[in-house]
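Single-structure report; data block below.
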Amino acid sequence: MNLKLAVRSLLKAPFVTVVATVSLALGIGANAAIFSLYNQLILRPLPVPQTDRLVNLSAPGPKPGSQSCNQAGECEDVFSYPMFRDLEQQQTVFTGLAAHVAFSASLAARGQTLAGGGMLVSGSYFPVLGVQPALGRLLGPDDDKVAGESHVVVLSHAYWETRFARDPNVLNTTLTINGQPMTIVGVAPRGFEGTTLGTEPKVFVPITMRGLMQPNFGQLFDNRRGYWAYLFARLKPGISITQAQSALNVPYHAIINDVEAPLQKGMSDQTMARFKARVVTLAPGARGQSSVHAQAEAPLTLLLGVTAFVLLIACANIANLLLARAAARAGEMAVRLSIGASRWQLIRQLLTESCLLAALGGVTGLLVARWTLDLMTSLLPDNQATMIDVHLDATVLLFAAVLTLGTGLLFGLFPALHSTRPELSSSLKGQAGQPSGARAAARFRTSLATAQIALSMALLVAAGLFVKSLINVSRVDLGLKVDNVVTFSISPALIGYKPEQSLALFERLEGELSSQPGVTGVTDSLVPLLAGSNWGSDVGVEGFKAGPDTDSNSRFNEVGPGYFRTLGIPLMSGREFTRADAGTSAKVAIVNEAFAKKFGLGRDAVGKRMGAGGWNGPKDIEIVGLAQNAKYSEVKRDIPPVFFRPYRQDDKLGFINFYLRTAIDPEQLISTIPKVVARLDPNLPVEDVKTMPQQVRDNVFLDRFISVLATAFASIATLLAAIGLYGVLAYTVAQRTREIGLRMALGAAPSRVRGMIFRQVGVMTLVGGAIGLAAAIGLGRLAQSLLYQLQGSDPAVLAGAAVALTIVALGAGFIPAHRASQVEPMRALRYE
């Protein structure tokens, strides 16, 4: 019965129903979308049994030698392969200890070669996780006993579906991975995509095959100074993380002090003490190992707060609408109370109406959530967008349902309590034109509108900060010219090319690409520009005095002839690399200004000698050029010291990135590149074809992502606040019609009446704006780490938000003020 009455009641007031539904849909939909993203990237555990017993291992401290880290975590998290095997054998607190590392894969099957990602895993990987195969078997301890001998592979379920159409006969057939024939022995379970969020391995290969999967790796399984393996484990029942950490460090310290410390050379006493004091730390591993968790947590938490503000503003709007409607229904409530209805019955009826209203908003909000997720994925780079599932899962639907019920109760409770107060005589005698609400209701409506203004101010400031930060990012001087440049990469080593064959292919491809219509320059590099890749090496430089603890590290790149000219990087002195800088010719390098400054070369770098073997190694490379500083891996990071070598002097090169400058539309060239490569080798995949401006945008996608969403949510919030303020003022004018008519009958000018309304607007805006500014400054401090070259309390942004909100508030008050000034005194007095 209550539900039928609620439906009829909402149908009688279509304006209130539509406005409330749209407002709630925007608030609930935005919250559900951001929560969906937050759940996927921050909260969701791995789809494996008993994730609460999984732990991730890390070993902070000095790691002399080589380090290789990726999206699974920081370089502090990686271990050497011998240390992994030692701990695996000597630990007593885990049911198993596993290692893994991602790798790039070229996958050839059924006459087609495609590029993809793979995961090198120890034989304990799947047993520790406790997953079961969808088909065949998974890798086990017998598959990683001897380096280079286990030519077996497990397919991911998604790869099996898309590439092999779920063919059960795929078992025991051959899949060629990076030129190596591998026997397919099983398929991983549905939904399992490895333990590193952000990577979607198509294949799982024994970790002992790394030397064959990555030719540049070599057979370095015995190198204790090479750190590259990520480790995780499963706790034994009854063992806590603290207990496991204490027990594990007993064998770890013995290995560090007795085995690894004697291997360290040229280390100072202070660094040696830190090396010996290293400890293994354990952290909860329910979500796997991924740097995405840390990178996404701050911006998504901030966006959750922003959408919560939007929902609060929407709730305030609807509470005001219901209060206004309650005033119109005061007579109805009084009659029902007078003929015996209990107050609880009326409250229950009104709460049913508000919850039904919320349900309509919640259902519509699911559409808004889906559209918002689509918008968010469109703002992400292609490799990041694949992480996001735009479908709303059961967790998100439950969140939306709880949010819907909560908002229904939140915005409906006070109007229900207020409109059912047992003041029967005054309500039954109430006449049109007189204030029918108590002062408490009027104060409550004004307070809600003021709170909306405060929240809108905070959101406008936040949006302004992120927009200004994005503008600062867009104005960064890259030091190179990216317009009309197309980039792509190829990895011939992954399909079996020898290094000398790869070099020959690169030269042939340079010639083919140079002959294409509109192409004005072609060059290449080992390290992709502005792609987040950082390759470094300790160096020795002529005239630079260094010791064991001196920072002598520099980033490096291997590039082709014409690299600086093609990318518009000026040479301050010296020369470019030429085709003659190859093979057995004299070793040469070009350094940037940051390198010359760090190592004390100044403008006289050309002619000096350096070495890439560390501070005390041979200095067998002549510096032939000094280049102007240009961004290396990140748009927002300071330019590091960089030295460049000719790629033709690298006899182990197996992959490279090309850059083509064109005088025509770069999009035309993008479709041509795969055809040119296919003429040379139809089995060679072309990877990451894009324009350099797109590469730059992808590099700062997080800034654009936050700015667009924060601006969109702030705009919605401000619109809702304006509607709420308009509603309060319009209702106030309607209730004060008799008072205004009397004032005008006594001689008050229309301008004075308008001023009275605008004064009310001014007071509410001033109070709400002041509160909002204080909240915005606090919000800016929390968001400081996400801002680029900008303080969270930037005066220009604060002032701009205040001006924008004032204009919006005055606009919302204009119509009610104008209507008030047009009241006819005699008509208003006849209301009595």
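Do we find a residue being farther than 30 Å from S469 by Cα, open to solvent by 50 Å² or more (accessible area, probe 1.4 Å), in contact with a helix residue (DSSP H, G or I) (Cβ under 9 Å, 6 or more places away or on another chain) and not in a loop (DSSP other than H, G, I, E, B) anywhere in the stretch 795-813? Looking for residues that are farther than 30 Å from S469 by Cα, open to solvent by 50 Å² or more (accessible area, probe 1.4 Å), in contact with a helix residue (DSSP H, G or I) (Cβ under 9 Å, 6 or more places away or on another chain) and not in a loop (DSSP other than H, G, I, E, B), one finds none in the stretch 795-813, hence no.
Looking at the stretch 210-328, the helices (runs of 4 or more DSSP H) lying wholly inside it that each contain 1 or more residues that are among the charged types (D, E, K, R) and open to solvent by less than 60 Å² (accessible area, probe 1.4 Å) sit at 210-213, 291-328.
Among residues of the stretch 473-490 that are closer than 16 Å to K636 by Cα, those with a Cβ under 7 angstrom from a residue that is polar (S, T, N, Q), sequence gap 6+ or separate chain, pair up as G479/Q628; G479/N629.
Cβ-Cβ distance below 6 Å, separation of 6 or more or different chains: which pairs start in the stretch 180-201 with a residue that is outside any loop (DSSP other than H, G, I, E, B) and end on one that is among the hydroxyl-bearing types (S, T, Y) and surrounded by fewer than 17 Cβ atoms within 10 Å (Cβ to Cβ)? That search, which allows pairs on different chains as well, returns P181/T174; I184/T173.
Among the residues of the stretch 589-613, the ones that are assigned to a loop (DSSP other than H, G, I, E, B), of a type in the set (G, A, S) and open to solvent by 10 Å² or more (accessible area, probe 1.4 Å) come to 5 in all. The conditions of being surrounded by 22 or more Cβ atoms within 10 Å (Cβ to Cβ), touching a helix residue (DSSP H, G or I) at 6+ places or on another chain (Cβ under 6 Å) and either within 28 Å of F658 (Cβ to Cβ) or of a type in the set (V, I, T) (or both) are not met by I490.
Listed by first and then second residue, the pairs linking a residue in the stretch 16-29 that is open to solvent by 40 Å² or more (accessible area, probe 1.4 Å) to a residue that is hydrophobic (A, V, I, L, M, F, W, C), with Cβ atoms under 7 Å apart and 6 or more places separating them unless they lie on different chains, are L26/V310; L26/A314; L26/V368; L26/I716. So which residues in the stretch 266-282 are in contact (Cβ under 8 Å) with a residue 60 or more places away in the chain and of a type outside the set (K, R), if there are any at all? Once the filter is applied, which keeps residues that are in contact (Cβ under 8 Å) with a residue 60 or more places away in the chain and of a type outside the set (K, R), the stretch 266-282 yields G266, M267, S268, Q270, T271, F275, A277, V279, V280, T281, L282.
Of the numbered criteria (1) under 30 Å from the mean Cα position of the chain (by Cα); (2) free of Cβ contacts under 8 Å to residues at least 60 places away in the same chain, the one K675 fails is (1). What do you reckon, is S585 of a type outside the set (K, R) and crowded, with 16+ Cβ neighbours inside 10 Å? Judged against the criteria, S585 is not a match.
Can you confirm whether the stretch 449-465 contains a residue that is under 30 Å from G583 (Cβ atoms), open to solvent by less than 50 Å² (accessible area, probe 1.4 Å) and not hydrophobic (A, V, I, L, M, F, W, C)?
The initial filter retains those residues of the stretch 449-465 that are under 30 Å from G583 (Cβ atoms), namely none.
Looking through the stretch 449-465, none of the residues is under 30 Å from G583 (Cβ atoms), open to solvent by less than 50 Å² (accessible area, probe 1.4 Å) and not hydrophobic (A, V, I, L, M, F, W, C).
Within the stretch 644-670, residues that are small (G, A, S) have Cβ atoms under 8 Å from residues that are part of a loop (DSSP other than H, G, I, E, B) and open to solvent by 10 Å² or more (accessible area, probe 1.4 Å) in these pairs: G654/P215; G654/N216; G654/S491; G654/Y497; A663/N484; A663/G518, counting only partners at least 6 apart in sequence or on another chain. The listed residues are E542, E512, and the only one of them that is open to solvent by 30 Å² or more (accessible area, probe 1.4 Å) and closer than 26 Å to I621 by Cα turns out to be E542. Could you grab the pairs with beta carbons closer than 6 Å, sequence gap of 6+ or different chains, first residue in the stretch 248-259 and under 11 Å from Q91 (Cβ atoms), second one open to solvent by 60 Å² or more (accessible area, probe 1.4 Å)? Sorted first by the residue in the stretch 248-259, then by its partner, the pairs are P251/Q90. Taking residues in the stretch 519-540 that are within 21 Å of Q71 (Cβ to Cβ) and of a type in the set (S, T, Y), and partners anywhere that are open to solvent by less than 40 Å² (accessible area, probe 1.4 Å) and not in a strand (DSSP E or B), the pairs with Cβ atoms closer than 7 Å and at least 6 places apart or on different chains are S533/V527; S533/S633.
When the residues of the stretch 193-206 are narrowed to those that are touching a helix residue (DSSP H, G or I) at 6+ places or on another chain (Cβ under 9 Å) and either acidic (D, E) or under 15 Å from Q289 (Cβ atoms) (or both), which ends up surrounded by the fewest Cβ atoms within 10 Å (Cβ to Cβ)?
To start, the set of residues in the stretch 193-206 that are touching a helix residue (DSSP H, G or I) at 6+ places or on another chain (Cβ under 9 Å) comprises 193, 195-198, 200-206.
Those left that are additionally either acidic (D, E) or under 15 Å from Q289 (Cβ atoms) (or both): 193, 195-198, 200-201.
Numbers: E193: 23, T195: 26, T196: 23, L197: 23, G198: 22, E200: 17, P201: 27.
Going through the qualifying residues, I end up with E200.
Within the stretch 570-582, the set of residues being surrounded by 15 or more Cβ atoms within 10 Å (Cβ to Cβ) and touching a helix residue (DSSP H, G or I) at 6+ places or on another chain (Cβ under 8 Å) comprises L571, M572, E576, F577, D581, A582.
Is there a residue being in contact with a Leu (Cβ under 8 Å, 6 or more places away or on another chain) and under 30 Å from I471 (Cα atoms) anywhere in the stretch 606-616?
Of the residues in the stretch 606-616, the ones in contact with a Leu (Cβ under 8 Å, 6 or more places away or on another chain) are 606, 608.
Next, from what is left, pick out any that are under 30 Å from I471 (Cα atoms): none.
Scanning the stretch 606-616 turns up no residue that is in contact with a Leu (Cβ under 8 Å, 6 or more places away or on another chain) and under 30 Å from I471 (Cα atoms).
Report yes if A783 is within 22 Å of A316 (Cα to Cα), in contact with a Phe, Trp or Tyr (Cβ under 9 Å, 6 or more places away or on another chain) and either open to solvent by 40 Å² or more (accessible area, probe 1.4 Å) or among the aliphatic types (A, V, I, L, M) (or both), otherwise no. Before you say what the answer is, go through the steps one by one.
Working: within 22 Å of A316 (Cα to Cα): no; in contact with a Phe, Trp or Tyr (Cβ under 9 Å, 6 or more places away or on another chain): yes; either open to solvent by 40 Å² or more (accessible area, probe 1.4 Å) or among the aliphatic types (A, V, I, L, M) (or both): yes.
It is false that A783 is within 22 Å of A316 (Cα to Cα), in contact with a Phe, Trp or Tyr (Cβ under 9 Å, 6 or more places away or on another chain) and either open to solvent by 40 Å² or more (accessible area, probe 1.4 Å) or among the aliphatic types (A, V, I, L, M) (or both).
Scan the stretch 503-558 for residues that are of a type in the set (K, R) and assigned to a strand (DSSP E or B) and the total you get is 1. Contact map, the stretch 781-809: first residue more than 28 Å from L725 (Cα to Cα), second residue of a type in the set (D, E), Cβ cut-off under 8 Å, separation 6 or more or different chains; pairs are L786/D703; Y788/D703.
Selection within the stretch 1-40: residues that are out of contact with any Leu (no Cβ under 7 Å at 6 or more places or on another chain) and of a type in the set (S, T, N, Q). The member of this set that is modelled with the lowest pLDDT is N2. Could you please let me know if L773 is free of Cβ contacts under 8 Å to residues at least 40 places away in the same chain and under 29 Å from the mean Cα position of the chain (by Cα)? Spelling it out, it is not the case that L773 is free of Cβ contacts under 8 Å to residues at least 40 places away in the same chain and under 29 Å from the mean Cα position of the chain (by Cα).
Taking residues in the stretch 491-509 that are more than 17 Å from L526 (Cβ to Cβ), and partners anywhere that are of a type in the set (G, A, S) and crowded, with 16+ Cβ neighbours inside 10 Å, the pairs with Cβ atoms closer than 6 Å and at least 6 places apart or on different chains are I495/S106; I495/G179; G496/G179. Considering only residues in the stretch 553-569 that are surrounded by 19 or more Cβ atoms within 10 Å (Cβ to Cβ) and of a type in the set (G, A, S), the one that is nearest to the chain's Cα centre (by Cα) turns out to be S554.
Just one of the listed residues (G792, G780) is of a type outside the set (A, V, I, L, M), closer than 30 Å to A294 by Cβ and in contact with a Ser or Thr (Cβ under 7 Å, 6 or more places away or on another chain), namely G780. Checked against (1) open to solvent by less than 20 Å² (accessible area, probe 1.4 Å); (2) under 20 Å from V306 (Cα atoms), Y788 passes all but a single condition, namely (1).
The values are calculated or read from the model by the stated rules, or taken from the named source; none is laboratory data. Note that the structure is a prediction, hence the values are computed from the model and not measured. Cβ coordinates were reconstructed from backbone atoms using ideal geometry, including for glycine residues, and neighbour counts include every protein chain displayed. Just so you know, the surface numbers come from the protein's heavy atoms only, side chains and all, with ligands and any DNA or RNA stripped out. Shrake-Rupley method; radii C 1.70, N 1.55, O 1.52, S 1.80 Å.
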